[in-house]
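For reference, the structure is listed below as structure tokens.
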Amino acid sequence: MAGYRQAGGRGPFLAPAEAAEKLRSLGILPDEIILTWPNKTHAFGDLRIRATIAIPFAEDDLTHVGYLVSVDGGPTVYLTGDTDYHEILALAAAPHHPDVLACVINGAFRNLSPAQAARLARQLDVKVAIPCHFDLFPDNSLPPQLFRTNLKIEGIGDRYRELRHGVAFTFPETPYS
């Protein structure tokens, strides 16, 4: 957190209960933390951030959330956060019509597997599907191409995008009119 602060970073910090506790333990002042929970929407100018359900890892891990991030007149991005698969993920996100899905694909840690993430992308009919968390841990590293293969099986392989470190990704490729 010190490096973030030294680089000019500041709040507000949007966080579910367990993450808010961790932020306070790192010295973040309570008035910089905004508590969130599934179905809670926060507005910051033309930006909307809605927390959505995430399936917990264990019985004592009940505060994880995903986020639907949208800009007035622009796209909506669904960040699954750490979550296992359940059909409720699509049911909760579908009414918000996400354009982009950024989803975990490290199933070994009770997150979405590449096949489950591809199923979710198809259920939501997203325009772009981006894998994440595939390169975090040596014991749980899957090649992101497995996600692409599963998107192809689901009939939407052309929607795969793999982000590269330090390379900007703009959506949509053609600006809204």
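Throughout, read-outs are computed from the coordinates displayed, never taken from laboratory work. Computed from a predicted structure; not experimentally measured. Neighbour counts run over all protein chains shown; Cβ positions are idealised from the backbone, glycine included.
Other residues whose C-beta falls under 13 angstrom from the C-beta of K40 contribute a net charge of +2, scoring Lys and Arg +1 and Asp and Glu -1. A Stokes-Einstein calculation at 4 °C with viscosity 1.567 mPa s, built on the Kirkwood radius of the stretch 10-94 over Cα pairs, returns a diffusion coefficient of 95 µm²/s. Each other residue within a Cβ distance under 13 Å of A102 adds +1 if Lys or Arg and -1 if Asp or Glu, for a net charge of 0. For the chain, adding -39500 (n - 2.57) for each run of n ≥ 4 DSSP H residues and dividing by the number of residues yields -6000 deg cm²/dmol at 222 nm. Within a straight-line Cα-Cα reach of under 29 Å, K152 can be paired with the following lysines, leaving aside sequence neighbours fewer than 8 residues apart in one chain: K127. Expressed as a fraction of 2.2 N^0.38 Å, the C-alpha radius of gyration for the stretch 45-166 is 1.01.
Electrostatic tally near P16: other residues with Cβ closer than 12 Å to its Cβ, Lys and Arg +1, Asp and Glu -1, net -2.
Note on the chain: dipole from Cβ charges, positive end direction compared against T41, Y78, G66; the farthest Cα belongs to Y78.
DSSP finds beta bridges in the stretch 54-177, and of those with both partners inside it, around 35 percent are antiparallel. With Cα atoms as the point set, the radius of gyration and Dmax of the stretch 98-177 evaluate to 12.6, 45 Å. Counting only residues at least eight positions apart within a chain, or on another chain, the lysines with an alpha carbon under 21 Å from that of K40 are K22.
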